[in-house]
Amino acid sequence: MKIFLSFCLTVILIFVASCKKDNNSTGVPITGVDISLFINNPSYINLNAVGGWVYVAGGVRGILVYRQSTDQFKAYDRNCTYQSTNPCATVYVDATNILAVDTCCKSKFLLMDGSVSHGPALFPLKAYNTTFDGNVLHIFN
């Protein structure tokens, strides 16, 4: 009976450990981010409209900020998640303003949620947390 209980406990612990969220499953290096943007600043004029986006310094290869709705923003690291150590693995917003594209591997990601729309990338863009108080957008991890 003790062996059976020990076995069950081991299985439960392995299961719980495997459920732990891996904050770096994208392969993009972990770096600290703590940025405040005053969106009324002329540098961020594109963020005044839903669907607008800007690039800002920070993260690993820069950060892509996208205005999802009047009070919701998304912030993604521009480091592509496919072969993330390749010096060329940087995403750029394409002419549709709907996708971020890595011009090297040709992976495409939806700006709305960072998900992969076309591989070879398997993981979404690395997202950072955002809060917005109506004037200041805070991007952090």
Which numbered condition ILE3 fails, given (1) of a type in the set (A, V, I, L, M); (2) under 25 Å from LYS108 (Cα atoms); (3) modelled with pLDDT under 95: (2)
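Per-residue answers, yes or no, for (1) of a type in the set (S, T, N, Q); (2) modelled with pLDDT of 95 or more; (3) farther than 25 Å from SER69 by Cβ:
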residue: PHE7; (1), (2), (3): no, no, yes
residue: CYS19; (1), (2), (3): no, no, yes
residue: GLY27; (1), (2), (3): no, no, yes
residue: ILE35; (1), (2), (3): no, yes, no
residue: ILE39; (1), (2), (3): no, no, no
residue: TRP53; (1), (2), (3): no, yes, no
Looking only at the stretch 85-100, and only at residues there that are touching a Lys or Arg at 6+ places or on another chain (Cβ under 9 Å) and not aromatic (Phe, Trp, Tyr), the one that is surrounded by the fewest Cβ atoms within 10 Å (Cβ to Cβ): ASP94
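I'd like to check something: does the stretch 114-130 contain any residue that is in a loop (DSSP other than H, G, I, E, B), hydroxyl-bearing (Ser, Thr, Tyr) and closer than 14 Å to TYR66 by Cα? Spell out how you get there, then give the answer.
Start the filter on the stretch 114-130 by keeping residues that are in a loop (DSSP other than H, G, I, E, B), which leaves 114-115, 119-126.
Add one more test, that the residue is hydroxyl-bearing (Ser, Thr, Tyr), and what stays is 115.
Then drop every residue that is not closer than 14 Å to TYR66 by Cα, which leaves 115.
Yes, the stretch 114-130 contains at least one residue that is in a loop (DSSP other than H, G, I, E, B), hydroxyl-bearing (Ser, Thr, Tyr) and closer than 14 Å to TYR66 by Cα.
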Long-range neighbours under 9 Å by Cβ, at least six apart or interchain, first residue closer than 14 Å to VAL65 by Cα within the stretch 87-112, second among the basic types (Lys, Arg) and part of a loop (DSSP other than H, G, I, E, B): VAL91/ARG61; VAL91/ARG78; TYR92/ARG78; ALA100/ARG78
Test: residue in the stretch 53-60 that is surrounded by fewer than 20 Cβ atoms within 10 Å (Cβ to Cβ), under 17 Å from THR26 (Cα atoms), touching a strand residue (DSSP E or B) at 6+ places or on another chain (Cβ under 9 Å) and in contact (Cβ under 8 Å) with a residue 12 or more places away in the chain: yes
Checklist (1) surrounded by fewer than 23 Cβ atoms within 10 Å (Cβ to Cβ); (2) touching a Gly at 6+ places or on another chain (Cβ under 9 Å); (3) not in a strand (DSSP E or B) applied to LYS74, failing item: (3)
Every residue from the stretch 101-126 that is surrounded by 15 or more Cβ atoms within 10 Å (Cβ to Cβ) and either among the aliphatic types (A, V, I, L, M) or touching a His at 6+ places or on another chain (Cβ under 6 Å) (or both): VAL101, LYS108, LEU110, LEU111, VAL116, ALA121, LEU125
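The values are calculated or read from the model by the stated rules, or taken from the named source; none is laboratory data. These figures come from a predicted structure and were not determined experimentally. Cβ sites come from the backbone with ideal geometry, for glycine too, and all protein chains shown count toward neighbours.
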